[in-house]
Each structure stands twice: as structure tokens, then as C-alpha cells.
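What follows is a single structure, written as C-alpha cells, with notes after it.
Values in this text are rule-based calculations from the coordinates and carry no lab data. Here the structure is a predicted model, which is why all the values come from computation and not from measurement. Cβ placement follows ideal geometry from the backbone for every residue including glycine, while neighbour counts extend to all protein chains displayed.
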Amino acid sequence: MNKYDVLVLGGGPAGLSAAYTLDRSGINVGLYDKNESPGGLCRSFSIDGFTFDTFAHVNFCKDPYVISMLEDKTDFITHVPEAYNYSKGTWIRNPVQNNLINLDVEERIKIIKGFIERKINVPENYDQWLRMQYGDYFTDNYPAKYTRKYWTVEPDMLETKWVEGRMYTPSIEEVLRGAMTSETPNVHYSKEMHYPAKGGYGSFFTPFYGDYFNGSKELTELRINSKEAVFKDGETVNFEELVTSIPLDILIHSISDIKVPEEVVNAADSLDYTSGVMVSVGLNKKHSSPSLWFYIYDEDILPARIYCPDIKSPANVPDGCSAMQAEIYYSKYKPLKKSPEQIKDETIRQMIGMGLFRGEDIAVTDVRTEKYANIMFTKEIYKARKIIHDYLDTLGIYYIGRFGEWGYLWTGQSILSGQSAAEKIKNSRSKKSYFENDI
Ligand SMILES: Cc1cc2nc3c(=O)[nH]c(=O)nc-3n(C[C@H](O)[C@H](O)[C@H](O)COP(=O)(O)OP(=O)(O)OC[C@H]3O[C@@H](n4cnc5c(N)ncnc54)[C@H](O)[C@@H]3O)c2cc1C
């Protein structure tokens, strides 16, 4: 049986970063992931010369440690974040609320009237927050539709703490200016985005790779008393300390040798998340997307968002070619009604219908799903998350990353989350050995 000082579960950015830090300080660490290759949601894949990411990914983290690992070690391309929106056949610069100029006059009047008449209150949910910021007409016709597509629920099911900094809230002067001129400033929350020159987003993470990675290892059972983890292929490993970045609900349900309090099990079951389908298309010709990525508001069009790998980096496609990946979201609140293959066919038909490319230009297609994409900020999240974290604290288990911390963590934050847990373990182990030597 393999025995580790520290076992890290989940080899996405958080787990990779934890394992890397521990390994560098001489601690015997094993990193186990259900996927064959490392990277988690940040891994890339290639088909016949076309490289795609797992959903749209770019780095905008400015933390010096993250930069030293990602951008100082890998050549990258800099992009200015300039996106578009598609609604009822019209392209609108992002964010829509600041760039109404392309909408017809009646639509602009309705939006501006709603904006002027909006009521300031203390919002109890995301729906009320949207109405307070943008007014009723805009809310109903843009973000509420997008919420149903991206978050898979009505906006009033979401709370509001996650919104800060992610949704631009313009002044009336900005709304009016954007309705009269296309000369509006870029208000994206990040001024620059970085992407590897070659190899897709996943190649940013190769500096974290090491012999400690074990792929195709899905955790099925966790034994707390004997400190053992059992994987789907039958392997059992022994550990002194455990760090986990796998989804909290999976972790709690894997505990097999002690009775987990009902309150903790119920909390785990109440955590909500979205899942995603990725429809990837490689093209022999150039597509007609106006930007690296764009959002689609029409609810009869399946994808919420589409990005273009060839704009991220020309090395993602063969010479003269281009590519697109469409994202379609689902959850227990909005289950998939069709098979991934049917979704792929329908999405490609719709992309052709939008005039993005022609059917005869298609070189390769692919469809795949990710069960855990975004955690959902439904109302119970903070209470449930705390119950589970408090319980894991009593067991001495470290939880890291997007699905361990159960937060809206970007790549850089996930790397730092893994590093911070590893530093805590390093410190506690060095204190322990100091006292042992003292005795
Ligand atoms: C649509 C979308 C777009 C995004 N865009 C950006 C962006 O542009 N920039 C940015 O910085 N961040 C972006 N992110 C966020 C980024 O993907 C995450 O911050 C990051 O991947 C989190 O890393 P992690 O290691 O915590 O989790 P993950 O990457 O999810 O890794 C968790 C790992 O746990 C493994 N696992 C799960 N269950 C088991 C099990 N039972 N046994 C063993 N292993 C298991 C999984 O296979 C996975 O490898 C985006 C995320 C999404 C969903």
C-alpha cells in the first residue's frame, strides 16, 4: 500500500499547487485525480491540430507568486478584454448597459426609462439587486435571461454577495453616453488578460507537475480512523494528513467508517452547482465572431457563451483555420433534456444560423461535459458551507480550491488556496519535529 505524509485529492490548480509546495519542502506527497491528466477545469485538449480549453479561460491574476509560476515560466499573449453580446440578431459591445447604441431607438428608450425609474432598496436576492441597478425592462430582457442560461435558475433564487465587482453598474451619464455614441471606455474589471502562446490554457500549469501526480484515480471511499483513501481502480493509500480540492458533497459522501452527523450530510446535499456542456468546432476557414468571446441572451439559442480558441492564440489552430467553443449549462434545476450528441448537433446548427460559420467549413467537432463547473450562490450556501467546513476542521482535513472552499475562486485564488494549506502543513510538521527533537 502506498503511504504518504500528505495525500492531496484533486489535481486542478489548487491540488497541483498544494502538492508542488509540499514536494519542494521534502514532504512525501501523493496527488490523486479522477482525470487521466492534471489541470482540473484548467486543462486543455487537442483534436487534429485544434486545441480547446475546458470552457473559456484566461489569466488575470496579479499576485506575484501566481505570476512567478504561470507567466514567468510560460510565454504568453496579452489580450485587452473586449467582448460582445448577441441579442435578437444584434451585436452589442460589452457590457450592454454601457453600450446601447446598436439597439433600436424604441429598445433604448425602454431601457433608459427603466433605468431612470429604478427603485433603490436593500436587495434580498439577485433579482432585486438587478432591478435596483438597471431597472425592470433591462433586467427582464438581458441579465434575467442570461441568469437562466448561465446559472440555470431564476435570479431570485440567488443571493448577492458574489456579484460585487463582476457586474458593472453604470451611472445614468454612462448609460446615456453609451446610448448616443460608440466611443465608450472599456470598463471590464481586468485591464489585461494573459494566455499561453501555445499549448492552450493548461500549459500554464506544467510548472506545477511532478511525479506525485496519479491520474485516473477517482476517490470512492475515505476511512477517517485508519487514514485510508480507496480509489475506483481498487488502490488503497494510507496518509498522515489529507488535503482535498474535490467537491465537498463528494467528499462527505465518501466517508465510510464513521457516522457523519445528519446535519453535515444535509448541508452537503444542499450545496448547488452548475454543470456544463462544451461544444467545440474546428473550422477550415475564419469564423465571423467580433471578439475573443461573446454572450448570447436569446433563450431559444442553447449556448450562453462562445469563445474563440484561435483568437486566444493562433497556435491553437492549424494555419488558415479558426475554432469556437460553445458553453451550455445545466443543473438539477434545469436538467439536460437531450443527449450531449443531440446538443452538439443543435448548437452547431444554431451557430450556423447566427452566421458564425458555414457548415461546409467544419473540420472537427467535439462534445464533452463537466459535472462541476460553477458553484451556485443559492441562499443556503453560507450556512451549509460553514457546517461542512467546521466538521472537516474537527477531522483535521484541509479543504482548498473552488470546490473545497466552495467559493467563486479564479485560477490564481485556487493556486493560492492550495499553497496556503501546504504552508500550514509545513509549519505544523516542522513545529512537531522540533518538539520531538526537544524530547
Ligand atoms: C466556465 C468557467 C470559466 C472560467 N474561467 C476562468 C478564467 O477565465 N480565469 C480564471 O482564472 N479562472 C476561471 N475559471 C475558474 C477556474 O477554472 C477555477 O478557479 C480552477 O479550475 C479551480 O481549481 P481547483 O483546483 O480548485 O478545482 P478544479 O480545477 O475543479 O480541480 C478539481 C479536481 O478534482 C478532481 N476530482 C473531482 N472529484 C474527484 C474524485 N472523486 N476523486 C479524485 N479526483 C476528483 C477533478 O477531476 C479536478 O481535476 C473558470 C471556471 C469555469 C467553470
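Below, the figures for the structure above:
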{"read-out": "Reach of Lys217 by Cα under 15 Å, taken over aspartates and glutamates that are not fewer than 8 positions away in the same chain", "value": "Asp33, Glu36, Glu228, Asp233, Glu235"}
{"read-out": "Set of lysines near Lys113 by C-alpha distance (under 22 Å), chain-local residues within fewer than 8 positions excluded", "value": "Lys88, Lys145"}
{"read-out": "Amide H contacts under 5 Å for Ile47, placed H, 5+ residues apart", "value": "Phe52"}
{"read-out": "Cross-link table Lys119/Lys312; Lys191/Lys337; Lys34/Lys383; Lys286/Lys334; Lys110/Lys161; Lys34/Lys379, entries beyond 32 Å C-alpha to C-alpha", "value": "Lys119/Lys312; Lys191/Lys337; Lys286/Lys334"}
{"read-out": "Relative intensity, log₁₀ I(q)/I(0), of the range 21-177 from a Debye sum that treats every alpha carbon as a point, q = 0.12, 0.15 Å⁻¹", "value": "-0.76, -0.99"}
{"read-out": "Where only alpha carbons of the range 95-180 are counted, the Rg and the Dmax (Å)", "value": "12.5, 35"}
{"read-out": "Zone residues, the range 246-271, relative to Ser226, backbone N less than 20 Å from point 7 Å out along Cα-to-Cβ", "value": "251-260"}
{"read-out": "Selected from Pro290, Ile381, Ser68, residue furthest toward positive end of dipole (the chain; charges at beta carbon)", "value": "Pro290"}
{"read-out": "Label-zone membership for the range 97-124, site Asp300, 7 angstrom Cα→C-beta point, backbone N under 11 Å", "value": "none"}
{"read-out": "Set of aspartates and glutamates near Lys62 by C-alpha distance (under 14 Å), chain-local residues within fewer than 8 positions excluded", "value": "Glu71, Asp72, Glu192"}
{"read-out": "Gain on full stretching of the segment that runs from Asp233 to Ile352 - 0.36 nm per residue minus C-alpha separation", "value": "38.6 nm"}
{"read-out": "Sites matching trypsin sites (Lys or Arg not before Pro) across the range 348-439 that sit in DSSP coil, with at most 14 neighbouring C-beta atoms within 10 Å", "value": "Arg358"}
{"read-out": "Per-residue ³J(HN,Hα) for the range 189-203, Karplus 6.51 cos²θ - 1.76 cosθ + 1.60, θ = phi - 60°, Hz, x for Gly and Pro", "value": "5, 10, 7, 9, 10, 10, 8, x, 5, 8, x, x, 4, x, 6"}
{"read-out": "Where N is the number of residues in the chain, Cα Rg divided by 2.2 N^0.38 Å", "value": "1.04"}
